[in-house]
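Novice: Structure incoming, see below.
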Amino acid sequence: MIVRGDSDRRWRRIFLILGIVVAAYALLAPLTSLDAAQSAGVPLLADRLWFRIATFIAMFVVMATAWNIIGGITGYAAFGNVAFFGIGAYTTGMLIAKARWPFLVALPVAPIIATAFATLIGLPLLRLRGHYFAVASLGVGVAVGELVQNVEYHGQPIFGGASGLFLPIYSIDNRGLFFFYLMVLAAGISIAVTWWVLRSRFGYGLIAIRENEEAAAVLGVNTTAYKVAAFALAAALTGMAGGIFSQWNVFINQDNAFPIEYNVQMILMALLGGTGTVFGPAAGAVLLQLLIQFLGGSLPISADIPFVSDAARPIVAQVILGVLLVVVVIFVPRGVIDFFGGRTRLSLAYLRRSLRETSL
């Protein structure tokens with residue numbers, strides 16, 4: 001007879017091996033596009049389209065993992081983290097386009113400015129809780145985007161206004177590969193930071209705040225300092241992704257630096273994979289971004305979906321994402337990592353417990 005503990009360990013080993021294989025392929029396949037590999041007759045396993053899709057996936061791994069620090073570990077559901085992404089993008093973009101800084105010199109400034117902004121607004125904002133904090137944080141995300149687009153000096157837009165900001169192309173061999181691996185490095189840093197947080201005294205304090213903030217304060221946790229520090233840490237990682245995006249995309253404006261849908265996507269990714277875990281948000285980002293690319297027709301296998309027209313794709317994508325959010329929150333509130341890892345099983349008792357946990 002196989003006990004449940006043995007079954008759980010077997011499933012975890014299977015998913016660990018599968019994850020390693022997928023990650024190894026994703027990291028090594030782009031190398032087949034190098035001239036040396038092609039000269040040696042190595043089959044091409046990844047083209048420029050896959051570079052762009054994979055870079056987007058790595059970017060959302062950063063953002064979902066960063067959101068997990070404040071939303072999953074600390075328990076404060078922020079809906080405005082896209083503001084940090086846009087701040088990072090415009091910080092790097094302005095330093096490159098206006099001040100003529102080299103990209104690798106301008107990039108480290110992006111997380112610094114995003115951290116400073118998060119600290120400044122976090123002090124008053126994190127005094128709110130629940131839906132009050134969620135709505136206020138969403139307002140900040142919208143307001144920052146509008147401010148960046150409309151602020152002027154002597155009648156001239158400082159940040160490019162509605163026309164956006166054009167950056168000089170970063171001249172380097174194998175540019176697509178460079179930005180792909182740079183974004184993967186940022187994703188690795190984000191996962192490593194989450195791993196450290198969950199195993200540090202700081203992380204224990206954040207978990208205590210999530211479970212019962214009043215009790216955490218009684219135990220000696222400086223709840224204000226811990227919450228602001230978590231908010232700032234999430235901002236730094238998100239701003240880093242924005243800084244890389246600005247030079248990779250060459251052009252930034254309000255639409256691509258402060259897209260409101262990114263707020264929903266990064267939260268859904270964390271929920272889908274499993275909030276409060278190390279690898280859950282990363283897994284959710286991979287799965288959801290592949291689904292988004294499929295629905296958008298970017299993947300080769302989705303180019304000719306017979307029952308969806310090109311004009312209807314955005315609407316269908318939003319509907320499916322909304323349904324997926326409802327299904328995840330009700331049926332898999334702890335994420336697919338926990339569910340398919342064997343720790344929870346779909347049953348009537350499990351559904352009842354999930355409904356209790358997700359109800360007001």
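Novice: In whole Å, what is the distance between the alpha-carbon centres of the range 180-213 and the range 245-290?
Specialist: 16 Å
Novice: On alpha-carbon atoms, Rg over Rh for the range 83-235 using Kirkwood Rh?
Specialist: Details: Rg = 18.6 Å, Rh = 17.8 Å.
Across the range 83-235, the Cα-based Rg/Rh ratio is 1.04.
Novice: Another question about this same structure. Calculate the spin-label point distance for residue 49 paired with residue 189, positioning each point 7 Å from the Cα along the beta-carbon direction, and give it in nanometres.
Specialist: Label-label distance for residue 189 and residue 49, simple model: 3.2 nm.
Novice: Please compute the modelled spin-label separation between residue 25 and residue 104, points set 7 Å along Cα→Cβ, answer in nm with one decimal.
Specialist: Placing both labels 7 Å beyond Cα along the Cβ direction yields 3.2 nm.
Novice: While we're looking at this one, here's another question. 7 Å from Cα along Cα→Cβ at both residue 171 and residue 325: what's the point-to-point distance in nm?
Specialist: 4.5 nm
Novice: Fewest Cβ neighbours within 10 Å first, please rank 137, 171, 33 accordingly.
Specialist: Least crowded to most crowded, the residues run 171, 33, 137.
Novice: Can you give the percent of C-alpha pairs in the range 149-301 whose distance is more than 24 Å? Mind showing how you got there, number by number?
Specialist: Details: 5742 of 11628 pairs.
The answer is 49 percent, as a whole percent.
Novice: Which length gain, in nm to one decimal place, applies between residue 38 and residue 215 when the Cα-Cα distance is subtracted from 0.36 nm times their residue separation? Walk me through the numbers before you get to the answer.
Specialist: Details: separation 177, 0.36 × 177 = 63.72 nm, distance 6.11 nm.
Full-extension gain reported as 57.6 nm.
Novice: Continuing with the same structure: When the C-alpha atoms of the range 207-273 are aligned to their principal axes, what extent does each axis show, in angstrom, from largest down?
Specialist: 50, 24, 18
Novice: So, counting K/R as plus one and D/E as minus one, what does the shell of residues with Cβ under 14 Å around residue 248 add up to?
Specialist: Computed value for this residue: +3.
Novice: Could you put 255, 35 in order, starting from the residue whose Cβ has the fewest other Cβ atoms within 10 Å?
Specialist: The fewest-first ordering by Cβ neighbours comes to 35, 255.
Throughout, read-outs are computed from the coordinates displayed, never taken from laboratory work. Given the structure is predicted, the values throughout are model-derived calculations rather than measurements. We place every Cβ from the backbone using ideal geometry, glycine too, and count neighbours over all the protein chains shown.
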